Amino acid sequence: MILLLTHPGYSDAYYYFLAAHRLASGQGLTIDFIWNFSEAPGMPPLPIPALRFWMPLATALQSAGIVVFGSFLDPLRAAQLAIALVASAITPLTYVLARRLGAGVALAAVAGIVAGVGGIDAVAWSSLDNFAPLAVLGTILFIALPGIARGSWRDAVLAGLALGGCILARADGILYAVAPLLLLRRDPRAVLASLAIAAATAAPWYARDVILGIPEGQLARAAMLVRYDDFFRLDPPTLDRFVSSFDLVLRAKAQAFLPDVLTFLFATAIVLGPIALIAAARRRAEAIARGWLGVAAAIFVAQWLVFTLHSTRGSLAHSLAGIAPGAVALALVEGERWLVATRRFAAMFVVVGTIALAAVALVEWRTEFDTGALARRDVIASGLVQAPVIVANAPAWRYDLDGVAIVTPAEGIAALQDVARRYGARTLVLEPGHFSAYDALYDSREGFDWLAPVKLDGPIRVWQIELR
């Protein structure tokens with residue numbers, strides 16, 4: 001799969017890779033672009049500390065891959081190989097999980113294959129992101145739950161390390177702590193030991209955040225958005241603005257429910273997700289089913305009701321990666337009698353269907369992201385874009401342009417002018433996914449004497465910035 005992915009694809013993956021490349025090159029955990037002003041409060045000079053909003057695991061793994069494999073692979077392929085090695089563990093771990101759920105060898109093997117191929121998740125397992133690492137860590141955590149319920153210290157340590165990794169993979173990875181917490185009455189000491197180990201694993205990262213100083217409004221950018229554009233403002237959203245627009249907020253939460261349900265279905269192999277929910281509910285007295293159900297519910301509710309606007313733009317899919325292999329195992333174990341009764345036809349159908357979905361996912365990924373990458377590279381090749389550039393998708397442009405890129409401030413032209421002056425920006429680029437404050441400029445309904453039009457045809461439009 002990774003051989004068919006010739007670039008990171010989307011903003012998150014570009015970001016993780018660029019930070020990893022700098023780290024592996026001895027430039028520290030820094031970035032020389034701004035994707036969001038939460039990481040650049042006060043507009044400091046570049047480079048700036050990386051990963052002040054996102055978590056570090058994907059970057060750390062990719063950086064290690066570049067260091068280890070960079071002598072015979074280019075940085076992108078080296079980073080991809082590191083993620084691929086992590087993803088390769090999904091199959092055997094799902095096999096072990098299915099066996100602990102009571103599956104026979106053959107059925108557990110099918111579960112491992114289905115989860116490892118991934119179906120709709122196939123491209124996610126190969127992306128330069130936290131999908132595959134979280135899938136591996138979440139599955140390890142669920143595997144350890146029966147041992148924790150019995151008071152096994154070995155499983156408590158294993159669960160603690162896995163949970164600590166979940167936290168380092170996703171900011172809401174702490175929600176995976178629901179799984180051991182649901183076993184607190186069975187063996188409090190093992191549960192508390194696992195939580196303590198998780199805290200110790202993640203603590204150095206949070207200590208780094210405290211030393212750097214947590215930017216003002218960090219939580220507000222995640223949970224107090226009235227419009228998604230507000231995430232990219234120079235100043236963070238405020239509680240007053242959130243409360244005064246509560247009708248819009250409630251409407252957004254209502255509108256997010258169905259997309260979030262569909263995201264859950266796609267993240268859990270479509271039909272297998274609902275079956276897994278039924279299986280987990282029926283078997284909730286068992287440690288794995290109980291933990292899986294608790295984590296699935298916690299993630300869905302938190303993403304839908306708290307991080308609403310992020311959930312509909314990929315955040316929920318990211319966070320569900322850790323329960324996806326468990327969904328496959330639970331669903332297939334639940335349907336074991338039916339699978340056996342069909343004399344393996346149904347099992348073969350599930351595997352073939354998973355491969356078909358993987359192919360569809362790859363085609364969709366390339367359709368969505370290759371087109372944009374080619375258009376971006378064509379504009380760059382024309383010589384019309386000079387760095388530093390101000391653009392919405394700063395990580396992608398930093399990657400292709402190999403020059404400083406600054407995110408367009410969502411407030412509009414006045415804020416844009418301030419950012420351009422601060423960073424000496426030479427070019428403004430607006431794409432179809434620009435922030436709404438720039439609609440009139442993009443449509444040529446307004447202009448400014450310090451923005452000289454360079455390219456106004458096509459979806460990517462370019463202005464030279466002429467500030468004196």
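The values are calculated or read from the model by the stated rules, or taken from the named source; none is laboratory data. None of these values were measured; they are calculated from a predicted model. Quick reminder, even Gly has a Cβ in these numbers, built from the backbone with ideal geometry, and neighbours come from all protein chains shown. Accessible surface areas use protein heavy atoms only, side chains included; no ligands, DNA or RNA. Shrake-Rupley method; radii C 1.70, N 1.55, O 1.52, S 1.80 Å.
What are the semi-axes of the equivalent ellipsoid of the range 372-446, taken as the square roots of 5 times the eigenvalues of the Cα gyration tensor, listed largest first and rounded to whole Å?
Equivalent-ellipsoid dimensions as semi-axes: 19, 15, 10 Å.
An oblate overall shape is assigned to the range 260-406, the ratio a/c of its alpha-carbon gyration tensor axes (a ≥ b ≥ c) being 1.5 or greater and a/b not exceeding b/c. By the Kirkwood approach, averaging reciprocal distances over each pair of separate Cα atoms, the range 130-270 gets a hydrodynamic radius of 17.4 Å. Measuring nothing but how far apart in sequence close Cα pairs (under 8 Å, 6+ apart) lie, relative to its length, the chain scores a relative contact order of 18 percent. Residues whose amide H comes within less than 5 Å of that of Ala405, counting only those at least five positions distant or on another chain, are Ile34, Val389 (H built at 1.01 Å from N in the peptide plane). A DSSP coil position with no more than 14 other Cβ atoms inside 10 Å describes the following trypsin sites (Lys or Arg not before Pro) in the range 264-373: Arg343, Arg344. Note on the chain: dipole from Cβ charges, positive end direction compared against Ala359, Trp292, Ala223; the farthest Cα belongs to Trp292.
The slack in the chain from Leu239 to Glu364, taken as 0.36 nm per residue of separation less the alpha-carbon distance, amounts to 41.2 nm.
Please sort 145-153, 252-260 by packing, taking for each peptide the average over its residues of neighbouring beta carbons within 10 angstrom, highest first.
145-153, 252-260
Per residue, the average separation of C-alpha pairs within less than 8 Å and at least 6 apart gives the range 168-261 a relative contact order of 16 percent.
Annotation: the antiparallel percentage among DSSP beta bridges lying fully within the chain is about 60. The slack between Ala203 and Ser71, meaning 0.36 nm per residue of separation minus the straight C-alpha distance, is 44.2 nm.
How would Arg221, Arg154, Arg227 rank on accessible area, largest to smallest, probe 1.4 Å? Before the final figure, lay out each step's value.
Details: Arg221 5, Arg154 175, Arg227 110 Å².
Per-residue accessible area, sorted high to low, gives Arg154, Arg227, Arg221.
Summing Cβ point charges (Lys, Arg +1; Asp, Glu -1) relative to the Cα centre of the chain gives a dipole of roughly 1660 debye. Here, P(r) means the percent of Cα pairs in each 20 Å bin from 0 to the largest distance; for the chain it is 23, 55, 20, 2. Given +1 at the Cβ of Lys and Arg, -1 at the Cβ of Asp and Glu and no other charges, the dipole of the range 1-99 around its Cα centre is 240 debye to the nearest 20. Helix content alone sets the calculated 222 nm mean residue ellipticity of the chain: runs of n ≥ 4 DSSP H residues at -39500 (n - 2.57) each, divided across all residues, give -19000 deg cm²/dmol. If you take the Cα centroid of the range 372-389 and the Cα centroid of the range 126-172, the two points sit 41 Å apart.
Sequentially through the range 452-462, phi angles give Karplus couplings (6.51, -1.76, 1.60; θ = phi - 60°) of 8, x, 10, 8, 10, 9, x, x, 9, 10, 10 Hz, Gly and Pro residues having no value and appearing as x. Counting protein heavy atoms only, the chain has 64 percent of its accessible area on carbon and sulfur, 1.4 angstrom probe. Exposed loop sites here are GluC sites (Glu not before Pro) assigned a DSSP state other than H, G, I, E or B and surrounded by at most 16 other beta carbons within 10 Å; excluding them, the longest clear run of the chain is 217-445. Residues within the reach of a label modelled at Arg186 (point 7 angstrom out along Cα to beta-carbon, backbone nitrogen below 19 Å), restricted to the range 119-162, are 138-162.
Just to verify a number: FRET efficiency for Ile413 and Gln386, C-beta to C-beta distance, R0 = 22 Å, to 0.05? Between Ile413 and Gln386 the formula returns 0.65.
Of the listed peptides 430-437, 46-53, 201-208, what is their order by residue-averaged count of other C-beta atoms within 10 Å, with the highest listed first?
46-53, 430-437, 201-208
Residue by residue, the range 183-198 carries 3J(HN,Hα) couplings of 9, 4, 6, 7, 8, x, 5, 5, 5, 5, 5, 5, 5, 5, 5, 4 Hz when phi is fed to the Karplus relation 6.51 cos²θ - 1.76 cosθ + 1.60 (θ = phi - 60°); x denotes Gly or Pro. Overall, the range 341-390 carries a charge dipole of about 300 debye about its Cα centre when +1 sits on the Cβ of Lys and Arg and -1 on the Cβ of Asp and Glu, all other atoms neutral. Listed values for the range 310-323 are Karplus-derived 3J(HN,Hα) couplings in whole Hz (6.51 cos²θ - 1.76 cosθ + 1.60, θ = phi - 60°), namely 6, 4, 7, 10, x, 4, 5, 4, 4, 5, 7, 4, x, 9, and x replaces Gly and Pro.
The residues of the chain expose, per residue, 42 Å² of accessible area to a 1.4 Å probe. For the range 29-85, the relative contact order works out to 26 percent when only alpha carbon pairs closer than 8 Å and six or more residues apart are counted. In plain terms, the C-alpha convex hull of the range 213-254 casts an average shadow of 2.9 nm² when viewed from every direction.
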